[in-house]
Amino acid sequence: SAIIGFSYGVKFTYLVDIGNYVTKDLNFYKRLVLILKGKGLKTPNIANSNSIQEILNSCNGIYLTDGLSSLNSIKDNSIDFVWSHSVLEHVRKYQFHAMQKQLLRILKSNGLASHSIDFQDHLDYGLNNLRFPEKLWESNLFANAGFYTNRIPALKMHSIFEKIGFKIKRKSLGKWPRLPTKRSSIHREFDIYTDSELINRTSYVLLEK
């Protein structure tokens with residue numbers, strides 16, 4: 001992301017994750033540079049880079065790997081653009097509000113946030129994640145199993161953005177034609193949501209401060 005951003009004129013990039021999961025294959029990044037160069041874009045000089053850090057240095061990127069604590073370290077009103085792709089659904093539910101508050105805090109007054117969100121379960125691309133009670137699903141065992149999603153439905157998540165202080169500039173929803181998982185199989189804790197609220201499979205939002 002930092003390399004692509006650099007190629008499109010981004011001056012500085014923060015990359016934020018909850019751990020050091022970046023691929024260590026330097027050739028991956030060198031091939032990416034060749035692709036971007038083939039499109040006529042300006043690219044960082046990483047041909048002789050021997051580490052991830054050298055690549056980051058070449059495109060003015062910082063890789064932060066402590067999740068919410070990393071966001072807390074970024075200065076107020078310092079970021080022009082925030083983006084994520086199939087990320088927000090994986091943020092632990094108990095941290096979601098705090099994360100959005102931090103994103104709002106670090107954005108400049110005219111800043112934008114772009115998020116593509118996937119509300120499908122990561123087991124069978126339905127709503128099988130809604131079969132489980134909150135206590136079990138939010139346990140560390142399930143949260144660290146590789147298939148965790150926070151199970152915040154699309155419209156509820158949109159309302160959280162607005163409650164935190166974002167304005168929704170643009171939004172779109174991808175829907176299933178019908179609920180992909182039988183309503184009778186969904187845990188009673190989700191009875192507060194109608195079928196029309198749960199039928200949203202994906203969402204895109206462009207937020208402004």
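Values quoted throughout were computed directly from the atomic coordinates according to the rules given, and no laboratory measurement underlies them. Note that this is a predicted model, so its numbers are computed, not measured. Using ideal geometry, Cβ is built from the backbone for each residue, glycine included, and neighbour counts are taken over all protein chains shown.
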Rg and Dmax of segment 132-198, Cα atoms, in Å?
-> 14.1, 37
What value, in deg cm²/dmol to 500, does the helix sum -39500 (n - 2.57) over DSSP H runs of n ≥ 4 give at 222 nm once divided by the residues of the chain?
-> -8500 deg cm²/dmol
Taking the Cα centre of segment 18-123 as origin and charging only Cβ (+1 Lys, Arg; -1 Asp, Glu), how large is the dipole, in debye to the nearest 20?
-> 280 debye
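Find the eigenvalues of the gyration tensor of the Cα atoms of the chain, then list the square roots of 5 times those eigenvalues as equivalent ellipsoid semi-axes, largest first, in whole angstrom.
On the way: eigenvalues 229, 77, 57 Å².
One finds semi-axes of 34, 20, 17 Å for the chain.
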Within straight cross-link reach of LYS209, meaning Cα distance under 16 Å, which lysines are found once same-chain residues fewer than 8 apart are removed?
-> LYS75, LYS101, LYS108, LYS163, LYS167, LYS169, LYS171
List, in order, the whole-Hz ³J(HN,Hα) value for each residue of segment 28-33 obtained from phi through the Karplus relation with A = 6.51, B = -1.76, C = 1.60 and θ = phi - 60°; use x for Gly and Pro.
-> 4, 6, 5, 5, 4, 4
Taking amide H positions as placed 1.01 Å from N in the peptide plane, with prolines and chain starts having none, which residues 5 or more places from TRP83, or on another chain, fall under 5 Å of its amide H?
-> SER114
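About the Cα centre, and with charges only on the beta carbon of Lys, Arg (+1) and Asp, Glu (-1), how big is the dipole of segment 59-111? Nearest 20 debye, please.
So the dipole magnitude of segment 59-111 works out to roughly 160 debye.
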Simple Cβ-charge dipole of segment 97-209, Lys/Arg +1 and Asp/Glu -1, about Cα centre, in debye nearest 20 = 460 debye
How far, in degrees from 0 to 90, does helix 154-164 lean away from the longest principal axis of the Cα atoms of the chain, to the nearest 10?
-> 60 degrees
Compactness of segment 44-126 - radius of gyration and Dmax, Cα, Å = 15.7, 45
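State the dimensionless ratio Rg/Rh of segment 1-97 (Rg: radius of gyration of Cα atoms; Rh: Kirkwood radius). Mind showing how you got there, number by number?
Working: Rg = 14.5 Å, Rh = 14.7 Å.
Looking at segment 1-97, the ratio lands at 0.99.
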Listed residues LEU36, VAL22, VAL10: farthest to the positive end of the dipole of segment 1-45 (Cβ charges) | LEU36
For segment 91-209, state the average projected area of the convex hull of the C-alpha atoms over all orientations, rounded to one decimal in nm².
-> 7.4 nm²
